[in-house]
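Since the structure comes first, as structure tokens, the remarks are kept for the end.
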Amino acid sequence: MRTPQHVVGGGLAVLFLSPLVWAAVASVSPQAGTAQTSGWGLGNYQTLANYQAGIGQYLLNSTIVSVLTVLFTLGVSLLGGYAFAMFKFPGRNLLFLVTLAILMVPYATLLIPLYVLLNDLGLQNSLVGLALVLTMFQLPFAVFMMRISFEAVPRELGESALVDGCGSFRALLHIMLPVVRPGLITVGLFAFLAAWNDFITPLVLISDSDRAPLPLAVANMRQQVMGIVDYGATEAGVVTLALPCILLFLALQRHYVRGFLSGALKG
Amino acid sequence: MASPVSTLEQQRSSPAVPVKGLKRRRRPKLTGWAYAAPTALFVLIFFVVPVILVARMSVSDWGLFTGDRGWNAPENYQDVMDDRLLWPAVWFTIKYTVVTTVILLGLALALALLVQESSRWTGILRSSFLVPSALGLASASLLFYALYSPQSTPLGFLGIDSFLGTPSSALWSTVALIVWRFAGFYMLLLLVGLQSISDDVYEAARLDGASRMQTFRHITLPLLKPSLALCAILCVTGSLLAFDQFYILTKGGPDNSTITIVQLVYNMAFYGQNNLGRAAALSILILAVLLVVNVLQFRGLRGRED
């Protein structure tokens, strides 16, 4: 790599990182019209903590939804991937195609009937209902990813499990699970990021503001106090939203990239 | 795949093998279905049923608070066509899609070429470009909402009066946000494509005395076309369905100039009109258009590969 490329690359990297750095700095720096008018400090986070039900409640809502979505997605795609990769059963290809077809239908098209359907199921305004819908949106990627993970398991491994007299469920639990763990981590990471960050799904499905997940709560906060927006609190909200995602991303970057590799193969 | 499957199935039905953890022995087909059942249930309840329901809603008089009041086809579709915001929204969505796709893919390709060699330094660069894509689109939009506000903006030195005040500035400000959020994502997809091009091809070009520009035009670009096409499909689909960024940044303003199609669906259903039937009709139309666009794009992609 030559020096001009070094300079261009470095400059672009700074450009990409600067909005994040700015948000972090601005959220603790003094600014008129916010809770932090003089000196540096956590005044904006104080505003956030006391907003309506309190940031604790919204963080809890987001955590519940994200954890449930991750658990549902992992459970369903682990069993589904095992079924699609290892067994032949009638309707196998059709079910797999219909699962992938979820990708072809816009969120908005599905959210209108889901709003009605969840009411009928008694899941209106429910975090569990929200997690179930978010899991459905994750299934095309998750089932695809787990299917190719199981298909990549060396065949001797599956055979040796059965020679030892394992049933197929014991083989899955004791022999396969450790081998497909990287795939599960990728699926879990994507499910968490999607559930933590989703906006339009809770916007449509959750109308009780005390049950709003964090992105919705921070977005709603801007309309409070006679239309005057507290930008400091917004910045603090963005930092709270972004921090877990960035930390997870940096810790699991390898698994994040693998998700894209498998996606690219599909295309 | 054949071997582990057949052995698994033989073992399951072989009487010599004790089956633990299951009360009775099942046939292999049933075993396969048992593992696929959770997937099938999810897909049925939360995907197949809603798709059927949305089709029925689109031909019914279905209010947000009143519920189903019976068949009324084709009134919902007519109302959608007569909506005065429909064609401006269609036009704006297309304009936004074209602008975003061209800029985003151009920049992503440049970034991918910049970091395609593996080294510590390019590793740091790749991570820096990728970090924004870990953020949610809503979080990124909220960040830029503060970044663009006259009270808190650090961008005063650019000499821009208002980032969101006029229709064209609102469009470009939103495009800037999307480019920031997604450039790393598309860079990564293109990087995968770049790395699948064999070194031998480049070596042959070098021996033939091809210049860097010639190598790029006649080797890199043609061999990268499948990856570029995949990025284009994802980017076009994503942009046609844009919602979060405009809902948070512009609320469709100024003067309804930045209303996208999906925002129109949302407004019809939950904001103002409260008419789920009409919103369902518009979302069926979107689904149809999107299917056509995707089929055309896949055809284009396949044609170019042949």
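Details
- Filtered residues of region B:83-115 (kept if at pLDDT 95 or above, farther than 22 Å from B:Ile178 by Cα and not aromatic (Phe, Trp, Tyr)): B:Leu86
- Scanning region A:129-150 for residues that are within 13 Å of the chain's Cα centre (by Cα) and of a type in the set (Gly, Ala, Ser) yields A:Ala131, A:Ala142.
- Residues in region A:11-46 that are in a helix (DSSP H, G or I) and either of a type in the set (S, T, N, Q) or surrounded by fewer than 17 Cβ atoms within 10 Å (Cβ to Cβ) (or both): A:Gly11, A:Val14, A:Leu15, A:Leu17, A:Ser18, A:Val21, A:Ala24, A:Val25, A:Ser27, A:Asn44, A:Gln46.
- Pairs with Cβ under 7 Å, 6+ apart, first in region B:227-246 and touching a residue at least 60 places away in the same chain (Cβ under 8 Å) and closer than 17 Å to B:Leu264 by Cβ, second small (Gly, Ala, Ser) and in a helix (DSSP H, G or I): B:Asp244/B:Ala138; B:Asp244/B:Ser141; B:Gln245/B:Ser141
- Identity of the residue in region A:162-187, more than 9 Å from chain B (Cβ to nearest Cβ) and crowded, with 20+ Cβ neighbours inside 10 Å, that ends up modelled with the lowest pLDDT: A:Met176
- The listed residue being farther than 18 Å from B:Leu142 by Cβ and within 11 Å of chain B (Cβ to nearest Cβ), out of A:Val67, A:Val14: A:Val14
- Residue that is part of a helix (DSSP H, G or I), farther than 16 Å from B:Tyr186 by Cβ and either modelled with pLDDT under 90 or polar (S, T, N, Q) (or both), where the choices are B:Ser152, B:Ser141, B:Ser118: B:Ser141
- As a summary of the residue check, B:Gln10 satisfies the conditions (1) part of a helix (DSSP H, G or I); (2) more than 7 Å from every other protein chain (Cβ to nearest Cβ); (3) at pLDDT 90 or above except for the one numbered (3).
- Residue among A:Leu121, A:Leu134, A:Leu127, A:Leu97 that alone is at negative phi, crowded, with 24+ Cβ neighbours inside 10 Å and not charged (D, E, K, R): A:Leu134
- Just one of the listed residues (A:Leu17, A:Leu12, A:Leu68, A:Leu42) is of a type in the set (A, V, I, L, M) and within 20 Å of the chain's Cα centre (by Cα), namely A:Leu68.
- Leading residue by the ranking (surrounded by the most Cβ atoms within 10 Å (Cβ to Cβ)) among those in region B:179-208 that are more than 22 Å from the chain's Cα centre (by Cα) and among the small types (Gly, Ala, Ser): B:Ala205
- Lone qualifier among B:Leu296, B:Leu287, B:Leu224, B:Leu291 - being in a helix (DSSP H, G or I) and touching a residue at least 12 places away in the same chain (Cβ under 8 Å): B:Leu224
- The listed residue being buried (at least 17 other Cβ atoms within 10 Å of the Cβ), in contact (Cβ under 8 Å) with a residue 12 or more places away in the chain and within 24 Å of B:Leu224 (Cβ to Cβ), out of B:Ala112, B:Ala138: B:Ala112
Yes/no matrix, rows are residues, columns are (1) modelled with pLDDT under 90; (2) acidic (Asp, Glu); (3) in contact with an Asp or Glu (Cβ under 7 Å, 6 or more places away or on another chain):
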site	(1), (2), (3)
B:Ile259	no, no, no
B:Val265	no, no, no
B:Ser283	no, no, no
B:Phe298	yes, no, no
B:Glu305	yes, yes, no
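- Region A:71-86, residues that are among the aliphatic types (A, V, I, L, M) and surrounded by 24 or more Cβ atoms within 10 Å (Cβ to Cβ): A:Val76, A:Leu78, A:Ala83, A:Met86
- Checking each residue in region B:59-75 for being under 22 Å from A:Leu118 (Cβ atoms) and either more than 9 Å from chain A (Cβ to nearest Cβ) or without any contact (Cβ under 8 Å) to a residue 12 or more places away in the chain (or both) picks out B:Val59, B:Ser60, B:Asp61, B:Gly63, B:Phe65, B:Thr66, B:Gly67, B:Asp68, B:Arg69.
- Test result for A:Ala49, closer than 30 Å to A:Ser209 by Cβ, out of contact with any Pro (no Cβ under 6 Å at 6 or more places or on another chain) and assigned to a helix (DSSP H, G or I): yes
- Selection count, region B:224-255, where residues are away from every other protein chain (no Cβ under 14 Å) and buried (at least 16 other Cβ atoms within 10 Å of the Cβ): 1
- Scanning region A:96-132 for residues that are more than 8 Å from chain B (Cβ to nearest Cβ) and of a type in the set (Phe, Trp, Tyr) returns a single hit, A:Phe96.
- Every pair of residues 6+ apart whose Cβ atoms lie under 9 Å, when the first sits in region B:81-96 and is surrounded by 13 or more Cβ atoms within 10 Å (Cβ to Cβ) while the second is charged (D, E, K, R): B:Asp83/B:Arg278; B:Ala89/B:Asp83
- In the set A:Gln31, A:Gln5, A:Gln52, only one residue is modelled with pLDDT under 95 and on the phi > 0 side of the Ramachandran plot; that residue is A:Gln52.
- Verdict on B:Trp172 being under 30 Å from A:Gly33 (Cβ atoms), assigned to a helix (DSSP H, G or I) and within 11 Å of chain A (Cβ to nearest Cβ): no
- Any hit, region B:149-157, residues being aliphatic (A, V, I, L, M), within 10 Å of another protein chain (Cβ to nearest Cβ), over 19 Å from the mean Cα position of the chain (by Cα) and crowded, with 22+ Cβ neighbours inside 10 Å: no
The values are calculated or read from the model by the stated rules, or taken from the named source; none is laboratory data. Everything quoted here is computed from the prediction, not taken from an experiment. We place every Cβ from the backbone using ideal geometry, glycine too, and count neighbours over all the protein chains shown.
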